[in-house]
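Worksheet for the structure shown next.
Laboratory data are not the source of any read-out in this text; all were calculated from the coordinates shown. Here the structure is a predicted model, which is why all the values come from computation and not from measurement. We place every Cβ from the backbone using ideal geometry, glycine too, and count neighbours over all the protein chains shown.
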Amino acid sequence: MIILGLDPSLTSTGWGIIRAEGSRISHIANGQIKTNAQTPMAERLAYIDTVLAAVIADYNPDVAAIEEVFVNDNPKSTLKLAHARGVTMLGCARGGISVTEYSTRLVKKAIVGTGAASKEQVQAMLRVLLPGSKVIGPDAADALAVAICHANHRGLAGR
């Protein structure tokens with residue numbers, strides 16, 4: 001099974017692709033979709049959609065996993081995150097890929113063993129779980145973590 005993990009953001013949407021065969025996982029690819037803050041929002045969202053469509057076409061994932069939206073102190077930031085998240089979910093649906101959502105705490109727990117893990121701890125565990133892979137940046141690392149979380153929970157998703 002090929003799993004696409006997504007960490008949506010208006011400034012840098014992370015994506016990661018892994019293969020899960022039984023309990024074994026392996027890295028396929030990862031990247032970040034960066035947009036220019038000076039560009040109008042509609043164009044930025046269209047760019048995320050275009051690049052994500054190319055990723056889906058290139059790697060043909062079976063399923064996708066995405067982080068749930070969280071509400072932070074700045075409502076405008078939360079709304080921008082929600083826009084990017086909506087575009088990524090729509091892109092997956094348009095590509096015929098089912099999407100499962102995971103909380104940030106569950107993703108961290110699946111990778112490190114605690115939902116309170118730091119980003120550094122998650123990235124350190126990714127080096128252990130996906131040896132030899134070159135992770136493009138922090139957003140790609142988060143996306144790979146979401147994909148691994150789905151690999152670990154895929155048998156439970158239908159229950």
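Quick notes
- Sparsely packed loop sites in the range 41-125 (the GluC sites (Glu not before Pro) outside DSSP H, G, I, E and B with at most 15 other Cβ atoms within 10 Å) comprise E68.
- Counted by neighbouring Cβ atoms within 10 Å, the residues Y59, Y47, Y102 run from fewest to most as Y59, Y47, Y102.
- Gain in span if fully extended, T11 to T39, counting 0.36 nm per residue against the direct Cα distance: 9.0 nm
- In terms of surrounding Cβ atoms within a 10 Å radius of their Cβ, I2, I33 rank from fewest to most as I2, I33.
- Counting neighbouring Cβ atoms within 10 Å and putting the fewest first, the residues L52, L79, L6, L130 line up as L79, L130, L52, L6.
- Dipole size of the chain about its Cα centre, with +1 on Lys/Arg Cβ and -1 on Asp/Glu Cβ: approximately 240 debye, rounded to the nearest 20.
- Here the spin labels are modelled as points 7 Å beyond Cα on the Cα-Cβ line, and at A82 and T114 they lie 3.3 nm apart.
- The chain - percent relative contact order, Cα under 8 Å, separation 6 or more: 33
- Approximating the spin labels as points 7 Å out from Cα along Cα→Cβ, the H153-to-N74 distance works out to 2.7 nm.
- Helix 119-129 axis, angle to the chain major axis (alpha carbon atoms, nearest 10°): 50
- For A53 and R94, the difference between the fully extended length at 0.36 nm per residue and the C-alpha to C-alpha distance is 13.9 nm.
- Among (1) -1.52; (2) -1.18; (3) -1.31, the entry derived from the coordinates for log10 I(q)/I(0) by the Debye sum over Cα atoms at q = 0.20 Å⁻¹: (3)
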